[in-house]
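The structure appears right after this line, and notes come after that.
Coordinate-derived values only; no laboratory data. The shown structure was predicted, so the numbers you read here are calculated from the model rather than taken from an experiment. When we count neighbours, we look across all protein chains shown, and the Cβ atoms used for this are built from the backbone with ideal geometry, even at glycine.
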Amino acid sequence: MAKTLPPEISMLIAAYLAGEITPVQEQALIVWRGASPANEAAFREMEMVWELEMPQEELQDWDTGNEWEAFLQQTKVTAPEGKVVKMTPKRNWWTLGIAASIVLVIAFFLWPSSQVKMVEIASLQNEQKEVTLPDGSTVWLNENSSISYQEGFEKRDITLSGEAFFDVKRDTTAPFSIHTGDAVTTVLGTSFNVRAYPAEEKVEVTVATGKVSLAEGSKQVLLVPGNKGTFAKVTQSLSKEEKDTQHAMAWKTGVLDFKNESLEDITPVLERLYNMEVKFENPAVGKCRFSGVFENTQPSEIIDVIVYALSLEVHTSPDTPNQVILYGPGCQ
């Protein structure tokens, strides 16, 4: 026996198909789609039917009964008893009302009664959240991030959107996997950081302890402490490099430890950590090197220390409060 999708999911898909989905709604839909292969399959089926069965010139003549019977024949789905009501569209092409109606009808036949319950936990803007999973593992969510997993967590599979630090309880019989789009990070028991915001072009994994596998399809890189693995979404490529991984985890630890690093390397860390922009009036300023340790320090204080240590000047503007411009003769 089949049942309908949850109403909120149906409306999210309807809004997406109608081209009227908001960024917040789209993020929720991405999380739901990534929660299980069944969810993604149901979404793709509905999207395909919408695109193939709803040509613009035929919309006014849409007959739910005939078109639905054709759909059933095409997909080999048996319809339960009941009437199919003829719809009279009030607006042309890509209207939200039509999208919602069609998605709800299709969802009734496609959604299995064995749908598992999902648990979703999210953090807000300027919020970090610590989560203890059913297996005893701990997750620290950075701001604007979310995880979802099947209730009970028997499979130790998680879908992540955003950034999180994982301290995974070791279990050699049950690998722990994090799904971030096409990339999958798998461990047995270790601690590591995963950054996978939907708006960014890459997924980054940095390892604190143990070994971590970062994979996409048949491709895989093995990461150990001091390694950063990167999955490029556009090229679908994996790479590994030696990196001071403590910077990637500074959002959680609150500690920044710069050891004779160039401003070219320091400023991206500050930009990502504090949602700010640092520019050099003279490109040679980026060649200057700095050493220093900061713990739970405000970004303005860090900039002031760097400016003083390197004899630079800093300019800010009320019009662009998150932008800092550094001036100076620069370094070789």
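Multiplying the residue separation of Glu281 and Ala38 by 0.36 nm and subtracting their alpha-carbon distance yields 82.3 nm. Among the lysines of segment 118-242, pairs that are 8 or more positions apart or on different chains and have alpha carbons within less than 25 Å of each other number 24. Given their separation in residues at 0.36 nm each and the Cα-Cα distance between them, Cys331 and Asp182 gain 49.5 nm when the chain is fully extended. Each label point was placed 7 Å from the Cα along the Cα-to-Cβ direction; for Lys219 and Glu127 their separation is 3.6 nm. Computed from the C-beta positions of Glu120 and Lys202, the FRET efficiency with R₀ = 25 Å rounds to 0.55.
Between Thr172 and Thr22, the FRET efficiency from the beta-carbon distance, with R0 = 45 Å, is close to 0.55.
Find how much the distance from Ser300 to Lys259 grows on full extension, using 0.36 nm per residue of separation minus their present alpha carbon separation; answer in nm with one decimal. Show your work: numbers first, answer last.
Values: separation 41, 0.36 × 41 = 14.76 nm, distance 1.98 nm.
Result for the pair: 12.8 nm of gain on full extension.
Which percent of Cα-Cα pairs in segment 118-242 sits in each 10 Å bin, short to long? Result, from short to long distances: 14, 48, 34, 4 percent.
Spin-label pair Tyr308-Ser239: with each label point 7 Å from Cα along the Cα-Cβ axis, the two points sit 3.8 nm from one another.
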